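The values are calculated or read from the model by the stated rules, or taken from the named source; none is laboratory data. Since the model is a prediction, treat every value here as computed from it, not as a measurement. Because the Cβ atoms are built from the backbone with ideal geometry, glycine has one as well, and the counts that use them run over all protein chains shown.
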Amino acid sequence: MDLQAEVPLKRIALGVAYNGTPYYGWQTQPNGQTVQDRLESALRQFTTQVTPTICAGRTDTGVHALTQVVHIDTLAERRNESWVRGLNALLPDSISIRWAKEVAPDFNARFSARSRTYVYVLRNERIMSPHWVGRAGWDFHPLNLDAMCAAAEYLVGTHDFSSFRSSQCQAASPVRTMELLKIEKQGAFIVFTLKANAFLHHMVRNIIGSLVYVGKGRFPSDWVESLLQEKNRKFAAPTFMSDGLYLAQVDYPEEYGLNLFSQFDINQPLNSLLQF
């Protein structure tokens with residue numbers, strides 16, 4: 001009799017932060033190193049078992065995370081702090097485990113999520129600071145903040161976001177509910193905070209590109225409303241650079257006890273980012 005087979009698997013949730021610059025996104029692929037590759041390699045060393053991961057949202061090449069939420073199923077017996085310390089000892093400096101918690105078997109990092117919050121940090125000045133290369137997007141044109149804020153209002157609510165959807169997007173539906181789209185200027189930075197039930201492939205970067213077009217004066221604010229009506233990607237602006245995009249927070253129902261780990265303050269997004 002296989003006694004090990006009778007031992008129930010534990011489901012562990014992990015909060016993962018990473019600098020996405022060195023990676024070809026989250027998801028394992030044949031063309032280059034990904035965050036998932038490095039995390040699963042560390043898990044294999046730490047548990048001596050092949051341990052697949054499920055994440056809250058697959059980030060693209062160069063995109064960062066303050067808290068990506070991942071779940072695993074494992075036979076390994078470890079204290080929460082041991083998961084954190086042990087995995088961090090095996091991970092590169094660009095990835096760190098922020099917290100670990102055993103969760104109910106019905107928890108799913110992707111499907112249990114109620115909302116995701118992304119932050120895009122844009123450095124808006126004549127010359128890009130070398131200290132922010134890879135960590136912030138950049139545009140040297142003067143940008144009209146009021147016009148961008150007016151345009152952003154059209155995107156709040158439940159809409160068909162086909163005009164902001166990558167042609168490679170595999171989502172079953174283009175309809176998403178944008179709970180919040182806030183734009184603030186802080187010194188040389190323009191900070192975009194977007195919260196929705198879920199996002200389509202390249203949706204955030206395509207929205208940022210179109211809002212920047214409005215900020216430059218290439219189109220009026222209500223152009224964004226017409227993009228929603230067109231439901232066609234070819235009418236929107238090009239996909240904006242990935243450098244300044246951060247998966248900031250994932251929210252779950254309270255019964256899972258994960259929201260208490262969040263260090264992200266949606267009212268002070270840049271300050272929260274600088275704390276990581």
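Considering only the stretch 82-94, I want to know if a residue exists there that is in contact with a strand residue (DSSP E or B) (Cβ under 7 Å, 6 or more places away or on another chain) and without any contact (Cβ under 8 Å) to a residue 24 or more places away in the chain. Yes, the conditions are met somewhere in the stretch 82-94. For Gln36, the test of being polar (S, T, N, Q), under 24 Å from the mean Cα position of the chain (by Cα), closer than 30 Å to Gln170 by Cβ and modelled with pLDDT of 95 or more is passed. Is there a residue in the stretch 225-237 that is of a type in the set (D, E, K, R), within 21 Å of the chain's Cα centre (by Cα) and crowded, with 16+ Cβ neighbours inside 10 Å? Among the residues of the stretch 225-237, not one is of a type in the set (D, E, K, R), within 21 Å of the chain's Cα centre (by Cα) and crowded, with 16+ Cβ neighbours inside 10 Å, which makes the answer no. Could you list, in sequence order, the residues of the stretch 212-240 that are of a type outside the set (D, E, K, R) and in a helix (DSSP H, G or I)? Result: Val212, Tyr213, Val214, Gly215, Trp223, Val224, Ser226, Leu227, Leu228, Gln229, Phe235.
Let's see how each residue does on (1) in contact with a helix residue (DSSP H, G or I) (Cβ under 9 Å, 6 or more places away or on another chain); (2) in the same structural domain as Gln263 (by TED's automatic domain parsing); (3) of a type in the set (S, T, N, Q):
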{"site": "His141", "(1), (2), (3)": "yes, no, no"}
{"site": "His159", "(1), (2), (3)": "yes, no, no"}
{"site": "Phe164", "(1), (2), (3)": "yes, no, no"}
{"site": "Ala171", "(1), (2), (3)": "no, no, no"}
{"site": "Asn197", "(1), (2), (3)": "no, no, yes"}
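Considering the stretch 127-175 alone, what residues qualify as being under 12 Å from Glu225 (Cα atoms), in contact with a strand residue (DSSP E or B) (Cβ under 6 Å, 6 or more places away or on another chain) and either of a type in the set (Val, Ile, Thr) or assigned to a loop (DSSP other than H, G, I, E, B) (or both)? The answer is Leu155, Val156, Phe161.
Filtering the stretch 4-37 to residues that are of a type in the set (Ser, Thr, Tyr) and within 23 Å of Gly244 (Cβ to Cβ) leaves Tyr18, Thr21, Tyr23, Tyr24, Thr34. Scanning the stretch 231-273 for residues that are farther than 27 Å from Thr61 by Cβ and of a type in the set (Asp, Glu) gives Glu254, Glu255, Asp265.
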